[in-house]
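Single-structure report; data block below.
The values are calculated or read from the model by the stated rules, or taken from the named source; none is laboratory data. Here the structure is a predicted model, which means the values were calculated and not measured. Every residue, glycine among them, receives a Cβ derived from its backbone with ideal geometry; neighbour counts consider all protein chains shown. What goes into the accessible areas is simple: the full protein's heavy atoms, side chains included, and nothing from ligands, DNA or RNA. Shrake-Rupley method; radii C 1.70, N 1.55, O 1.52, S 1.80 Å.
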Amino acid sequence: MLRAVVFDLDGTLLDTIPDIAGALNRALAAQGLPTHPVRTCAGFVGGGIREAVKKAAPPDASEEILQAILDGYRGDYVAHCTEKTVCYPGVPELLEGLVRQGLALGVLSNKTEGTVRKIVRHFFPDVPFRCVFGRTEDRPLKPDPAAAAPVLAVLPFPAGEMAYVGDSGTDMRFAREVGMVPAAAPWGYRSREELVAQGAVLTPENPVELLRMLLAEAGA
């Protein structure tokens, strides 16, 4: 029986691409490199910002240039990360419905942990998340199953009694490896078909449908 739901952040709870793209493009421009349309940047995210920078930069960019872009992005993004980001329609109702039925909630993202917490506080000040975790220097990124360690340490349930909701193949692989129920968020940055191919078990069309599926898994 499902007792907890842990969420990815980007492309799952929030459309963060406008702020990510703004910071990434400013970091690229500062190095004299081409920038990208906002929605093109959606294809860069999912595996951590280092991977996003590699995808956004020209293929022949040196490690020195990549590091300069990364440094520029980090300094810029944390200052602007809540300016153009928006909550997906239906997400507030999804969270409210899960809380009402007594499920424990958490967030686990590949974003830098301080930034994750800043964004969650800004957009979900009244949601009683039991844990909010992001990237730290001593913690691996998803899809490494070891990324789940802090969540499993805080939430008093086995992984099999948790769902992990995400919008990428990285999230689905992570959930499978950890033993959580992989739940798709196809309203985000990847298609429903891609998420199914990567092992999604719960495949809703929208957050309201996901709420019904999760509550059914919880026996509510």
Which of the residues that make up segment 190-220 are hydrophobic (A, V, I, L, M, F, W, C) and assigned to a helix (DSSP H, G or I)? L195, V196, A197, V208, L210, L211, M213, L214, L215, A216
If you go through segment 24-34, how many residues are surrounded by fewer than 22 Cβ atoms within 10 Å (Cβ to Cβ), of a type outside the set (S, T, N, Q) and either in contact (Cβ under 8 Å) with a residue 40 or more places away in the chain or not in a helix (DSSP H, G or I) (or both)? 5
Members of segment 174-220 found to be of a type in the set (A, V, I, L, M, F, W, C), buried (at least 18 other Cβ atoms within 10 Å of the Cβ) and under 16 Å from P89 (Cβ atoms), listed by number: A185, W187, L210, L211
Of (1) of a type outside the set (G, A, S); (2) buried (at least 16 other Cβ atoms within 10 Å of the Cβ); (3) more than 20 Å from D15 (Cβ to Cβ); (4) at pLDDT below 95, N110 satisfies every one except (3)
Based on what the data block shows, is R39 open to solvent by 50 Å² or more (accessible area, probe 1.4 Å) and closer than 16 Å to T85 by Cβ? yes
Please work out if R74 is at pLDDT below 95 and farther than 23 Å from R173 by Cβ. yes
The residue that is farthest from F123 (Cα to Cα), considering only those in segment 1-15 that are among the hydrophobic types (A, V, I, L, M, F, W, C), assigned to a strand (DSSP E or B) and out of contact with any Cys (no Cβ under 6 Å at 6 or more places or on another chain), is A4
Can you say whether L152 is of a type in the set (A, V, I, L, M) and either surrounded by fewer than 18 Cβ atoms within 10 Å (Cβ to Cβ) or more than 21 Å from Y77 (Cβ to Cβ) (or both), as far as the supplied structure shows? yes
Give the residues of segment 167-220 that are in contact with a Leu (Cβ under 8 Å, 6 or more places away or on another chain), of a type in the set (G, A, S) and modelled with pLDDT of 95 or more, sorted by residue number. A183, A184, A185, A218
From the list R100, R117, R130, which residue is surrounded by fewer than 17 Cβ atoms within 10 Å (Cβ to Cβ), under 22 Å from F174 (Cα atoms) and modelled with pLDDT of 95 or more? R130
Checking the structure you have, find out if any residue of segment 153-170 is of a type in the set (A, V, I, L, M) and within 13 Å of the chain's Cα centre (by Cα). yes
Among the numbered criteria (1) of a type outside the set (S, T, Y); (2) assigned to a helix (DSSP H, G or I); (3) open to solvent by less than 70 Å² (accessible area, probe 1.4 Å), which one does L141 miss? (2)
